[in-house]
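The values are calculated or read from the model by the stated rules, or taken from the named source; none is laboratory data. Note that this is a predicted model, so its numbers are computed, not measured. So basically every Cβ, Gly included, is an ideal-geometry build from the backbone, and we count neighbours across all protein chains shown.
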Amino acid sequence: MNRVGILLRVNGQSYEAFVEPRKLLSDVLREDLGLTGTHVGCEHGVCGACTVLVNGHPMRSCLMFAVQLEGAEITTIEAIAADGKYSALQQAFHEEHGLQCGFCTPGIILTFEAYLKQNPSPTEEQIRDVLSGNLCRCTGYQNIVKAIMKAAGTGAQSDGEVKK
Ligand code: FES
Ligand code: FES
């Protein structure tokens, strides 16, 4: 299939790529731009591992063709600690052991970086509701929820107990 030239804005930089029109954004990010922090699990919009921000909104990069994203501002996990310092959310994941294999983590971090900007003091129920779009195979979600609550300043006030 013929390739087309596209210009993408990712993490504040412009990238030119020549890709097949049917190539997914997730594959272009990983294979053409070398941004492998975006993970690919299910490839059909279910697991949330491939989540990136498009104009500040969490989107599944496995459900979009890269050619659709010209003119958009895309943010991947690589930009979140771009200055060499964890974001508050990343730091909380570290402190609360919110990851094991880390496969789901970039998608969750990006989902909640955006969510906490709009909803800085969510309840545990709200966090779990938003988190339901991101599947984790390892952690049982307990520490992920604790980490998000901590980053939001709503967690770990008492005994750190988070209900199942
Ligand atoms: S890889 Fe995109 S939602 Fe699972
Ligand atoms: S930490 Fe392994 S899938 Fe979530």
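General observations
- Annotation note: of G45, G71, the sole residue that is under 20 Å from P21 (Cα atoms) and at pLDDT below 95 is G71.
- Summed over the range 114-141, the residues that are part of a loop (DSSP other than H, G, I, E, B) and either of a type in the set (V, I, T) or closer than 21 Å to F103 by Cα (or both) give a count of 11.
- Of the criteria (1) in contact (Cβ under 8 Å) with a residue 12 or more places away in the chain; (2) surrounded by fewer than 22 Cβ atoms within 10 Å (Cβ to Cβ); (3) under 22 Å from C101 (Cα atoms); (4) within 15 Å of ligand 1 (Cβ to nearest atom), which one R60 fails: (2)
- Close pairs from the range 124-138: first at negative phi, partner away from ligand 2 (no atom under 14 Å from the Cβ) and not in a loop (DSSP other than H, G, I, E, B), Cβ under 6 Å, at least 6 apart: V130/Y115
- Note on the range 89-120: residues that are loosely packed, with under 15 Cβ neighbours inside 10 Å and either at pLDDT below 95 or closer than 19 Å to G56 by Cα (or both) total 4.
- Q100 being part of a loop (DSSP other than H, G, I, E, B) and within 28 Å of G153 (Cβ to Cβ): yes
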